[in-house]
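The values are calculated or read from the model by the stated rules, or taken from the named source; none is laboratory data. No experiment lies behind these values; they were computed from the predicted model shown. Cβ: placed from backbone, ideal geometry, glycine included. Neighbour counts: every protein chain shown. Note: accessible area is taken over every heavy atom of the protein model, side chains too, but ligands, DNA and RNA are not part of it. Shrake-Rupley method; radii C 1.70, N 1.55, O 1.52, S 1.80 Å.
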Amino acid sequence: MIVAVASGKGGTGKTTVTASLAVTWPGPVMAVDLDVDEPNLHLFLKPDISGIETVTIEVPEVDEEKCTYCRACAELCQFKAIAVMGKAIMTFPEMCHGCGGCMAICPAGAIGVTTRELGVVERGLARDLIPCVTGRLRIGEAMSPPLMRHVRSHMRAEAGDADILIDAPPGVSCPAMSAVADSDVIVLVTEPTPFGYYDFTLAVEAFTPLGKPMAVVVNRAGLGDERVYGFCAERGLPVVAEIPYRRDIAEHYSKGLVLAELDGELSARFGALSRTLKEMAKEGGHA
Amino acid sequence: MREIVIISGKGGTGKTSVTAAFAHLAENKVICDLDVDAPDLHLLLDPQVVREGAFHSGNEAVIDRERCIGCGTCMEMCRFGAVDADGEKFRIDPLRCEGCKVCVAFCPEEAIDFPSRHCGTRYVSDTRFGPMVHAQLFPGQENSGRLVSELKKEARVLAERMGRDLILCDGAPGIGCPVISSLSQADLAVVVTEPTPSGVHDLERVAELCDHFRIKVAVIINKHDLNAGHTEGIEAMCRRKGYVLAGRLPHDTVVTEAMVRRQAVTEMDGENFGRRVNEAWTVIQGLLNAH
């Protein structure tokens, strides 16, 4: 089963929750960081990296000997990645989405394949027990979805019998949606502040049409206002855990430590949360 | 014309609270929220919409079931896994469709339409701190750099028309497409970070992105008293990389209190936190003038 930890607003505690679930999960579990722009889960789970795989996409390489400057490629390309001007053809590989259209449509067979690096996938083992997979976007690379797609397409096979915990990117646009698309349950981490509340409502709007069970974790409880709770009640969203607003928690986090291991009470709380989510995912998976 | 973009790499470091305070302190500017995915600046600035418009970004493929003969060419050619079998025929998942037009071009029956994609709404508004350009994507839409570029263009036109010499932008988290677009033409990137492993890690990546595009970087360390070791580490990084340390802000609930009251933190507190933000703004103004 797959549990995705997401949020609208960044910095609400997605990674804190994912890391704490990973160390308290009942049974084998794999932790996957799909926030490829800014992956952070490894900073807390600290896996020993055993392999780094470079991920690329196919971009065009034109053989000017064969090119007839017919413009078919440039007219098809929706991303301004290939241009023909008179008797000159230019490619802009950083604009290319890797759809392969230019290669397929060229009547002269003049467009071959080269690659652009999207980033890497790091694999490792935390605590000799928890397999960790991290997608890491190359700095300067604009497109995160194809790298995320690569990680997602392999994670089920790699996990085997283990459950999968996904640390999703922030926001509610395409990358966040694709990170939760495979999950059996979505955990939304929010905070009871005006920013947290507003972005949470966006996230609920975005994820509801997926028809997956959703559970809410309220972080920094006691800070701000109460509207997050009212919205959850109205939408029938269960608040499955609260993490109190405490300075010692923020300091613990700043040391790169896992919140579930701060004290026995938090450990028990995350243990219970893990069991609740596993139950929800089981039901969601059968639904 | 000067343009500042406030970014963070990591979300939740205080980017928007700092932007709102700078919007309060800066004179003669246009404010621009470039976090079109999860925008929050409007919650503090209470914009009164003057003008709004639809935002369209690219196109999407839609299979006409009547004309589809179920040959499967679209599915074979789609590199994004966006085509699903639908009985004997096929359909496109709009979430996965990149709008590349390959299926449209190769469908032997010309059964695939390619309408433009309506992704959200863009606004020009008035606020108590001056004019503001902002937008809201519909949930689940592609967060394209295209919308960010359009907002920046709109802000620039507005600033020129109104004789304003500064564009103050709240950026998006991350280092991908929307952030890259927000950095184009910027004179200065202000990175708001925090002394945590994630804050440091994400600052390194987003500042390297700025270096890649040759954008000058200033750093503000929020919640600096949370972890002295990481704060020192960030300061050392700034010295090593030539980033300007514009300020250190304490861990203070006044930021949330101001948020609850829908105010910029400098409107509420001129003493501790507010004074530090004010000092940071003075440093940033100096950088802009020296530019």
Filter result (open to solvent by less than 40 Å² (accessible area, probe 1.4 Å), under 24 Å from residue A:82 (Cα atoms) and within 29 Å of the chain's Cα centre (by Cα)) within region B:82-104: B:82, B:97, B:98, B:99, B:100
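Criterion first (free of Cβ contacts under 8 Å to residues at least 60 places away in the same chain and charged (D, E, K, R)) does residue A:199 satisfy it? Outline the logic, then answer.
Values: free of Cβ contacts under 8 Å to residues at least 60 places away in the same chain: no; charged (D, E, K, R): yes.
No, not satisfied.
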Long-range neighbours under 9 Å by Cβ, at least six apart or interchain, first residue farther than 23 Å from residue A:18 by Cα within region A:114-127, second open to solvent by less than 10 Å² (accessible area, probe 1.4 Å) and charged (D, E, K, R): A:116/A:141; A:117/A:141; A:118/A:141
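I want to confirm something. Restricting to region B:48-81 and keeping residues that are within 14 Å of another protein chain (Cβ to nearest Cβ) and closer than 30 Å to residue B:154 by Cα, which single residue is most open to solvent (accessible area, probe 1.4 Å)?
Within region B:48-81, the subset within 14 Å of another protein chain (Cβ to nearest Cβ) is B:55-61, B:73-81.
Then drop every residue that is not closer than 30 Å to residue B:154 by Cα, which leaves B:55-61.
Working: B:55: 2, B:56: 89, B:57: 7, B:58: 24, B:59: 43, B:60: 41, B:61: 7 Å².
Only one residue fits best here, namely B:56.
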Matching residues, region A:21-61, being open to solvent by 40 Å² or more (accessible area, probe 1.4 Å) and either over 26 Å from residue A:243 (Cα atoms) or among the polar types (S, T, N, Q) (or both): A:48, A:49, A:50, A:52, A:53, A:54, A:56, A:58, A:61
Scan of region A:150-169 for residues that are facing chain B (nearest Cβ under 10 Å) and farther than 16 Å from residue A:39 by Cβ, ordered by number: A:153
Residue list for region B:101-111, restricted to those being touching a residue at least 40 places away in the same chain (Cβ under 8 Å) and more than 13 Å from every other protein chain (Cβ to nearest Cβ): B:109, B:110, B:111
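Return the total of residues in region B:1-43 being part of a helix (DSSP H, G or I), within 14 Å of chain A (Cβ to nearest Cβ) and out of contact with any His (no Cβ under 9 Å at 6 or more places or on another chain). Talk me through it step by step, then tell me what you get.
First pass over region B:1-43, keeping only residues part of a helix (DSSP H, G or I): B:15-25, B:41-43.
Still in the running and within 14 Å of chain A (Cβ to nearest Cβ): B:15-20, B:41-43.
Imposing the further condition that a residue be out of contact with any His (no Cβ under 9 Å at 6 or more places or on another chain) reduces the set to B:15-20, B:43.
Number of matching residues: 7.
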Cβ pairs under 8 Å, 6+ apart, first in region A:4-20 and farther than 12 Å from residue A:177 by Cα, second basic (Lys, Arg) and assigned to a loop (DSSP other than H, G, I, E, B): A:10/B:10; A:11/B:10
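Answer yes if at least one residue in region A:93-110 is part of a strand (DSSP E or B), more than 10 Å from chain B (Cβ to nearest Cβ) and over 30 Å from residue A:20 (Cβ atoms), and no otherwise.
Filtering region A:93-110 down to residues part of a strand (DSSP E or B) leaves none.
No, every residue in region A:93-110 fails to be part of a strand (DSSP E or B), more than 10 Å from chain B (Cβ to nearest Cβ) and over 30 Å from residue A:20 (Cβ atoms).
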Residue within region B:225-233 that is open to solvent by less than 60 Å² (accessible area, probe 1.4 Å), part of a helix (DSSP H, G or I), within 14 Å of chain A (Cβ to nearest Cβ) and under 27 Å from residue B:2 (Cβ atoms) present: no
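Scan region A:178-196 residue by residue and report those that are under 27 Å from residue A:224 (Cβ atoms) and open to solvent by 10 Å² or more (accessible area, probe 1.4 Å).
Within region A:178-196, the subset under 27 Å from residue A:224 (Cβ atoms) is A:179-180, A:185-196.
Correct list: A:191 only.
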